[in-house]
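First the structure, in the form of structure tokens, and then the observations on it.
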Amino acid sequence: MITPDAANAETMDELRDFDLRILQPRRGYRFSVDPLLLCEFSGKSDGRIIDLGTGCGVMALIMARMVPGSMIVGVESREESARLAERNVALNGLEGQVTVISADILSLKGLFPVSSFDLVLTNPPYRPLGTGKVSPLAGRDTARHESTASLADFLEMAKYLVKTAGRICCIYHVSRLAELIATASLLKLCLLRLQFVHGRATGCGRMVLVELGKGRNGELTVLPPLFVGSGDSR
């Protein structure tokens, strides 16, 4: 029976809409609304899905519930988080659908052939290394800062992994949207959809949901904004 590890101060949280139970650290990096928004934005996608930076596995598990016929890989660079994600997969009985690997995204070309996936999901760190406050809590700094891979690294690997005519969906901070678009353009990734996330109707957008296509052309669609309440979304 899988239960929270009292020695590591874990909690078990429920996502009732998806019939999921998620173990995560009481202190340290805990998932926020971002992965839920990204899964909803990406929609149902049959075939093979990869989540770059899966953390405790929450996004991979949500997609498994949304698309029961899909096969999902969660990639996590922190060994401790990867093992926690594996426990969450087992806790929810999804071992036959979700696989977790502990690896830096820069090493994935040695693990997967080009064009292996129909959909790539990622919630990359949005703060450049050396900026902002450094958190003393395990995992938070890695999740927020580009400590092991840059935005360009994430997009370049996403392009390698996704099939031609496949999709790449990510959520990112609006302050770096111009950089994201410029980097995608250099990689010849087509910008297909944008959706801005606001804390309140009168506030500025804080995060942005982005869909990119490989080997595709199309007009950009800007979806109506999302309002998710007050507070930092990550």
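Read the figures in this text as sums done on the coordinates, not as results from a lab. What you see is a predicted model; the values in this text were computed from it and never measured. Note that we place each Cβ from the backbone using ideal geometry, even for glycine, and neighbour counts take in every protein chain shown.
Couple of notes before you dig in:
- Table column - 3J(HN,Hα) (Hz), region 60-65, Karplus curve with 6.51, -1.76, 1.60, x for Gly and Pro: 4, 5, 4, 5, 4, 6
- Whole-Hz couplings from phi, Karplus 6.51/-1.76/1.60, listed for region 166-180; x for Gly and Pro: x, 10, 10, 10, 9, 10, 8, 6, 5, 5, 10, 4, 4, 5, 4
- Region 1-115 - Rg and Dmax from Cα coordinates, angstrom: 13.6, 41
- Straight-line reach from LYS188: taking Cα to Cα under 29 Å and skipping same-chain neighbours fewer than 8 places apart, the lysines in range are LYS44, LYS109, LYS159, LYS163, LYS214.
- Positive-end residue, the chain charge dipole about Cα centroid, Cβ charges, pick of ALA182, SER42, ILE62: ALA182
- Most fluctuating residue given options PRO125, PRO25, PRO224, as computed from a GNM of the chain linking Cα atoms under 10 Å: PRO224
- Neighbourhood charge, 13 Å Cβ-Cβ cut-off, centred on GLY213 and excluding it, Lys, Arg +1 and Asp, Glu -1: +4
- Listed residues ILE62, ILE50, ILE171, most fluctuating in the chain (Gaussian network, C-alpha, under 10 Å): ILE62
- For LEU23, nonlocal amide neighbours, meaning residues 5 or more places apart or on other chains whose placed amide H falls under 5 Å from its own, are ASP13.
- Net charge over other residues, Cβ less than 13 angstrom from the Cβ of GLY166 (K, R count +1; D, E count -1): +3
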